[in-house]
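Have a look at the structure below, then the notes.
The values are calculated or read from the model by the stated rules, or taken from the named source; none is laboratory data. Computed from a predicted model, the values in this text were never measured in an experiment. Each accessible area value is taken on the protein alone, full model and side chains, heavy atoms only, with ligands, DNA and RNA left out. Shrake-Rupley method; radii C 1.70, N 1.55, O 1.52, S 1.80 Å.
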Amino acid sequence: MDYHQYKSAKDAILQFPETVTSIGVTKRPDFELYLPYGANDFADRIIRPTPPFQIGTARHSIFQRRVIEKGWQDDPGLHICT
């Protein structure tokens, strides 16, 4: 698997596996919320892979494994999109 150095925390967050975990907060100088994929999936309880983890990518199996390890597939309140 190819790994690269991140240019910033925001760059790293773009590489998180799920849209709902791709969240960052900074307090310099004031609190700033960083949601590169928006807040809709979070509000709608949708678990969806980010672009680097989409179906057909080498990383998709990581997304699938995380869904299983976290038990998200067993939560009736969550919607898993692959």
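Before moving on, here are some points about what is shown:
- Solvent-accessible area of His4, all protein chains in place: 90 Å² (probe radius 1.4 Å, heavy atoms, ligands and nucleic acids excluded).
- Between amide H atoms placed 1.01 Å from N, distances below 5 Å from Glu18 occur with Thr50, all of them 5 or more places distant or on a separate chain.
- Choice from Gly24, Gly38, Gly71 with maximal GNM fluctuation in the chain (Cα, 10 Å cutoff): Gly71
- Protein heavy-atom accessible surface, 1.4 Å probe, per residue over the chain: 70 Å².
- Among Asp11, Asp44, Asp30: highest mean-square fluctuation, GNM of the chain, C-alpha pairs under 10 Å: Asp30
- Distant-in-sequence amide contacts of Ile80, defined by a placed amide H-H separation under 5 Å and a gap of 5 or more residues or a different chain, comprise Ile47.
- Relative intensity of the chain on a log10 scale, I(q)/I(0) at q = 0.13, 0.15, 0.18 Å⁻¹, equals -0.45, -0.58, -0.80, per a Debye sum over C-alpha point scatterers of equal strength in the absence of solvent.
- For the chain, built as a Gaussian network whose Cα springs stay under 10 Å, the top-fluctuating residue of Phe63, Phe31, Phe16: Phe31
- Under 15 Å from the Cα of Lys10 - aspartates and glutamates, other chains or at least 8 residues apart: Glu18, Glu32
- Sequentially through the stretch 59-67, phi angles give Karplus couplings (6.51, -1.76, 1.60; θ = phi - 60°) of 8, 4, 5, 5, 4, 4, 4, 5, 4 Hz, Gly and Pro residues having no value and appearing as x.
- Carbon and sulfur %, accessible surface of the chain computed with the full protein complex present, 1.4 Å: 54 percent
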